[in-house]
Each structure stands twice: as C-alpha cells, then as structure tokens.
Amino acid sequence: MNQVAIHRLLAGKSLAKPSKKDLPALFEKRLAANLTLIQDLYYSLYPGQDAAFEELPGMLGKLFRDRPEDLRFQDLERLNEGAWYQSEKWVGMQLYADRFSGDIRGLIDKLPYFEKLGVNFLHVMPLTRQPKGENDGGYAVSSHTEIDPRFGTEADFLEFTGACREKGVCLMLDFVVNHTSDQYPWAQKAREGDAEYAGYYYMFPDRTLPDLYEETLPEIFPETSPGNFTFIPETGQWVMTVFNQYQWDLNYTNPRVFLAMLKNMVVLANKGVDVLRFDALAFLWKKLGTNSQNLPEAHQLIALFRLCLQVVAPGVAILAEAIVAPREIVRYFGEGRLAGNECEAAYNATYMACLWNSIATKKTNLLYRSLADIPSIPESCSWINYIRCHDDIGLGFDDRQIEALGWNPAAHRRFLLDYYCQRLEWSPSRGVLFMYNPVTGDGRITGSTASLLGLEEALDSGNAADVETAFDKIVMMYGVILASAGIPLIYAGDEIGMLNDYSYLREKDKENDSRWVNRPIHDWEAVAALDDPNRLPSRIFSRLQSLIRLRRKLPSLGGGKSVLHHPGNEHLYVFERKAEKGSLLVVANFDENPQVLNATWVRNLGYLKGSAYTNLVDGTSHSVQSALLEIRPYGLLWLKTVDGAGAK
Ligand code: GLC
C-alpha cells in the first residue's frame, strides 16, 4: 500500500463530497501520515541537520494555505479517483510555446486545435525565465517560478492554466531540478563571493577534486561542453557543470537547497500545473568514485520531494525524465517501502529506442527481448510512450540483448547511426548525427519523425510510392504508442508530418546543437488547409485524429497492463490490451514485405468472426482467404474482440 492509498483510507467518506472545512483537516492527516517517512528520508540524506527539518512542517502548511481553492478540490477529486493519469482518455502533445504558437496567449488561442486532434495533455517546454542566447532549449532556467516575459506575463500563464482546467486539459511543465543557469540569482550571488549561495552549488578552489570526479563522470555533451567543471574567473573557482557550461549543478548535499527547491516546486504547482516533469533527475546526487547517476541518494531525494508535494498538493503528479537503462528507469517509480511513492510516470525511453531499431532492422526481435527485460511497474504508475521528443534518440540498448541476437553491440549501434544519419545510400532516413565521437564511433540521432521515416527523401525524389510508405510508417509508429500501456505523447508537428527544420544552422546560438532540427516552427499553413483531405499533412492529421478518438473510447487502453504475444514472425510486433469488454489486438508489421499470422490463433483469441475482421485503423473490412492473416508492408491492425467481448 503506497501513501496515496493510505491518504485515501484516512480521508474515508469525506473524499466523496468534500466541503471547504474538510480541506485543512485532510492536509493535517496527510502530513501526519507522511511525516515519519519524510523524517527517515530527510535524516538519511542530512544526518544531524535539524534546523532545516524543523522548518519543513511550517513551510508545507504555508504552501498549502497558498494553494488556490479550486486546485485543492481538484486534488481531492484526483485522490478519490486514484491513478487518474492512467485513463485511456489522456493523449499528450509536447511543444515549445514560442515555436508552436508564439507565446502563452497563442497557446490559449490554440486550445481548439488540441481539442480537434483529441489532445488533452500538454507538455509545454520551460516557460520560466531563461538567459537570452544559448539556454539549452530552455533547460537553463534563471527562475523556477517566474514566467519569462518572452512568453508572456504571470497573468497570461494563470489564464492559460485556468483555461486548461476548464477544458479538462492536463498541463505538464518542467521542473528543472538538477541545475540552474549561470544567470540565476543564486549563481550570481555565488559569483559575487557570497558564501551562502556558493554552498548551493558544487564549488572547488582548485582542480584537485574536479580531477578526481572526472575519473568516473561521463560526459553528456562531449562535443560542445566537454568535461564536467567550468572555471569561474570572478572567484577563481571551479563549478560543477555536468550538462552545458552555463548550467550549474545544484548541491543537494546542502539541505537549504532541498528546502529552496521544494518551495519552488510547490509555487510552480500552485499556479495550476498538473504534472511536474523532473528534468534530468538521475543526476541529482553526486558522489566521488561513481558516475553520479541513479544513486540511491537521488532516489531518496526524489521520494522526499514527492512525499512533501503529496501533503500539499496530492493531485499533482511527477514524471521522471531519466533516459537510462530499463532496470534503472523503473526504480524511479520507487522500490521496497518507497514503491509507488517516487514518480507516478516515467518516459519509456527503451521502448522508443527499440521501435526505431525495429524500423532500421525491419525486425522486432530486439524489441521483444528488451520488453521482456523491463521489470513490471507498480500498479499505480504509468509510462509515457513517445516516438520523438525535443531531444536526440540515444542508443542505450542493453549490450547483452544485442549480443544474444548474435550481433556485435558496437557494430550494431554504428549501423543504426549509419541508417538514420544519411550514411547509407539505400536508407530513406534523413536524420542528423548528434554528439558524434569519431574516435569511439559513439553518437546519437536527431531528426523529425517524418524525416527519420523517409518522408523528406520521398518528397524530394518525388517518388509517390515512397511517400505512401513513409505515411504508413508514421501511422504504424503512432498507432503502436497510442495503443500501448501508458500515456501517448505526440511531438508537435508530427501530427501533420513536419519535416526537419535546418534553419538552426544559420543561428549562432543553435548551430552546434542538432536537436534543433527536430524543433520546427509549427506549420499553420498546413493546418489551415486541413479541410483538403488529399494533402499529406491532412491525411496524417486525420488518421491520428481517428486513432485518438478510438483510443478514448476503448477502456482496454487505460491502465498499465499489456499482453505481449510472440507470433513466430520476426517482423511483427503483436500485443493485446485486455479488458472485460472490448479487448484490442495490435499487430504491426515492420517489414517492407507482407507478413502473415496464423488466422486460427487470431480467431481463438476472439478477434475473427469466422474469417472476417475489421481493421479499426482505417475502418476497412477484410476476410481471411486461407489459414493465414496477411499484414501488408508497414501495416498496422487494431482489432477489437468480436461483439465487444473480453478476449480469451
Ligand atoms: C533533459 C532535457 C534536455 C536537456 C537536459 C539538461 O534531458 O530533456 O533537453 O538538455 O535535460 O537540462
């Protein structure tokens, strides 16, 4: 039983119809229920440091009193519903406010667009103050709570969150928890020699400790920001900067940093944010002699944030942004007595990378192996499934899985880079290399979904058949994640098949970061022409729109359970979403040739009526002519159980 379940238990009947006077009493109960765990976690990180702990209950009380009343009622509704983020109704989109709609007011104007597509869960990239010029796409923040005037005012933001709430749109915002920009007030004070704020970062008087750290710390941006420390000329010190040189890592061994960031987090949540995306949370705790990623202390710290947030705002969820090995990712849902007490959601990065691997190899064997290797997650938790995001695609597969297939891991990764990054003549993909190291051959991949799947190449060469293939691949990839267990997240622009945007090469602040190739300015002309059903953007939009509508009507797509089937065909990916009524069978063919499934098996599962079936993806009806059900190249089937019954 996790803390949410305990809070529900303690709240009892008052959750059904809470009145205003119940609110403080329920807060007190949550505080009482979490305090011992909070105390344990706090003192395991900060032994003997009573002063900051003593401030904690008072601070939580104040943050609770500051929380607007409508949000407090929403908290209780969500607590009552439990795991509210697992519903099949949620379909997400990720976007940059400036590139999508200019600013926050633009986002308010675009709410009908999301509604038209069926999107009701938005991840808006960082909106709080950030330096002009290079800022890591917004991930170097100069404030965690104040809206950057480039995007609008505080009032605009509150109007936006209010409008989202009214329309039932869930809003996810980044909480850049690991670092601040070097322009952040704390960093500025530290640079001026203020000892208190210098203690908010990892500062060193010389290279002795930095050199020791470097022995085991990997580099995140080796091309543009080698090393993990940056010299500060003003003080003659070195500061830890694991990401870019202008992103200073926060020193969480200092309990003051925890308290200050806890306050920032709740202030942001209190503005009406529903999900906080904990950015780069694997890096939160640093320790000499380790790679300083995924350390047990990082988990304790995240759980500490979570349990405090839950006391104040139990309706706000945390998403883990940890692009790490599957066994490490699932630990962010919490383990042991912290199971279900850490993050409610996490990106399924392995799934994403394996889907791209399947496109390049036309085989699903690595996908199956990797999925079998991902441990199950606590029942109350959820994956976020995605094809593309604003970042690169890392090839972080488990080497053992690649070896088990008889492939050499290094050679296989090189093949994937070659396939996606325009180094193979026959590959239709137009990806771009990211952080490529010519010595080791390591690198990552950038590019938009459509360009990576061959649309750009097909349009340039004017080959109509290739355009259709790219269309099918886009629908297949999105159709798979829309049916997978978790919240699907569409990257803005993908819904209209936007291609790579090469304009970053002409901008000084961006030219060295090829991730900008997949952060295009939204094509509103294509949107204005959506009524023309023959245009490609319209076709992609309308196909996704209908898949989303279907998803939202299929309760089997809610919750976290999925049954993986091994069809004995290495090109197919087959899984089932079971429910008492209306189970769904999903079949995706990653090959350029038609592939077959045993029809009797499909019939026995309950998805064929005699020999007939309807593919929900395009509404077409078919009849199986032999013992085999054929799936066309890059075809996707969504089959519902006959007569809406549960699957066998
Ligand atoms: C996350 C973001 C990425 C950023 C990094 C550092 O991984 O997704 O864009 O560069 O954190 O903040």
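Structure above, values below:
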{"quantity": "Length-normalised contact order of region 355-429 in % [C-alpha pairs under 8 Å, at least 6 apart]", "calculated": "28 percent"}
{"quantity": "Check: region 1-141 dipole with +1 on Lys, Arg Cβ and -1 on Asp, Glu Cβ, in debye", "calculated": "500 debye"}
{"quantity": "Dimensions (Å) - region 566-625, Cα atoms, principal axes, largest first", "calculated": "32, 24, 23"}
{"quantity": "Dipole magnitude of region 392-520 about its Cα centre (Cβ charges: Lys, Arg +1; Asp, Glu -1), debye to nearest 20", "calculated": "300 debye"}
{"quantity": "Karplus-derived HN-Hα couplings along region 275-286 (A = 6.51, B = -1.76, C = 1.60, θ = phi - 60°), whole Hz, x at Gly and Pro", "calculated": "10, 9, 8, 6, 6, 6, 6, 5, 9, 5, 10, 10"}
{"quantity": "Over 27 Å between alpha carbons, listed pairs Lys110/Lys508; Lys116/Lys640; Lys167/Lys578; Lys132/Lys286; Lys17/Lys167", "calculated": "Lys110/Lys508; Lys167/Lys578; Lys132/Lys286"}
{"quantity": "Dmax and Rg, reported as Rg then Dmax, of region 72-183 (C-alpha, Å)", "calculated": "14.9, 45"}
{"quantity": "For region 164-251, Kirkwood radius (reciprocal of mean inverse C-alpha pair distance, Å)", "calculated": "14.2 Å"}
{"quantity": "FRET efficiency, Asn598 to Asp618 (Cβ-Cβ, R0 25 Å, nearest 0.05)", "calculated": "0.65"}
{"quantity": "Contact order relative to length of the chain, as percent, for alpha carbon pairs under 8 angstrom and 6 or more apart", "calculated": "12 percent"}
{"quantity": "Pairwise centroid distance, computed over Cα atoms, of region 41-120 with region 285-363, Å", "calculated": "18 Å"}
{"quantity": "Largest-first principal axis extents of the Cα set of region 500-559 (Å)", "calculated": "48, 35, 13"}
{"quantity": "From phi via Karplus (6.51, -1.76, 1.60), per-residue ³J(HN,Hα) for region 495-511 in Hz, x at Gly/Pro", "calculated": "5, 10, x, 5, 8, 4, 10, 8, 5, 4, 5, 9, 10, 4, 6, 10, 4"}
{"quantity": "Shape category assigned to region 57-110 from the gyration tensor of Cα positions, a/c cut at 1.5", "calculated": "oblate"}
{"quantity": "Percent of alpha-carbon pairs separated by more than 21 Å within region 1-133", "calculated": "62 percent"}
{"quantity": "Gln130 long-range amide H proximity, modeled H, under 5 Å", "calculated": "Ser142"}
{"quantity": "Residue exposure sequence - Leu288, Leu117 - by fewest surrounding Cβ within 10 Å", "calculated": "Leu288, Leu117"}
{"quantity": "Inverse of mean 1/r across different Cα pairs in region 438-490, Kirkwood, Å", "calculated": "12.8 Å"}
{"quantity": "Full-extension gain in nm, Arg327 to Leu628, via 0.36 nm per residue minus C-alpha separation", "calculated": "104.6 nm"}
{"quantity": "Fewest-first ranking of Ser19, Ser583, using other Cβ atoms within 10 Å as the exposure measure", "calculated": "Ser19, Ser583"}
{"quantity": "Check: region 103-163 dipole with +1 on Lys, Arg Cβ and -1 on Asp, Glu Cβ, in debye", "calculated": "120 debye"}
{"quantity": "Debye log10 I(q)/I(0) for region 253-295, one point scatterer per Cα, at q = 0.22, 0.29 Å⁻¹", "calculated": "-0.85, -1.03"}
{"quantity": "Over the chain: helical MRE at 222 nm, DSSP H runs n ≥ 4 each giving -39500 (n - 2.57), nearest 500", "calculated": "-11500 deg cm²/dmol"}
{"quantity": "Cα-based shape type of region 500-648, given that a ≥ b ≥ c are square roots of the gyration tensor eigenvalues and the cut on a/c is 1.5", "calculated": "prolate"}
{"quantity": "Relative compactness, the chain, computed as alpha-carbon Rg over 2.2 N^0.38 Å", "calculated": "0.96"}
{"quantity": "P(r) weight above 18 Å for region 430-529, C-alpha pairs, percent", "calculated": "56 percent"}
{"quantity": "Under the span-like rule (Cα at least 24 Å along the axis, Kyte-Doolittle mean at least -1.0), DSSP H helices of the chain", "calculated": "22-45, 50-66, 296-312, 464-483, 536-553"}
{"quantity": "Arg150/Leu505 FRET efficiency (R0 22 Å; Cβ-Cβ; nearest 0.05)", "calculated": "0.45"}
{"quantity": "Convex hull (Cα only) mean projected area of region 240-354, reported in nm² to one decimal", "calculated": "8.1 nm²"}
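Rule-based calculations on the coordinates, nothing more; no lab input. In this text the structure is predicted, and so the values were computed from the model without any measurement. Because the Cβ atoms are built from the backbone with ideal geometry, glycine has one as well, and the counts that use them run over all protein chains shown.
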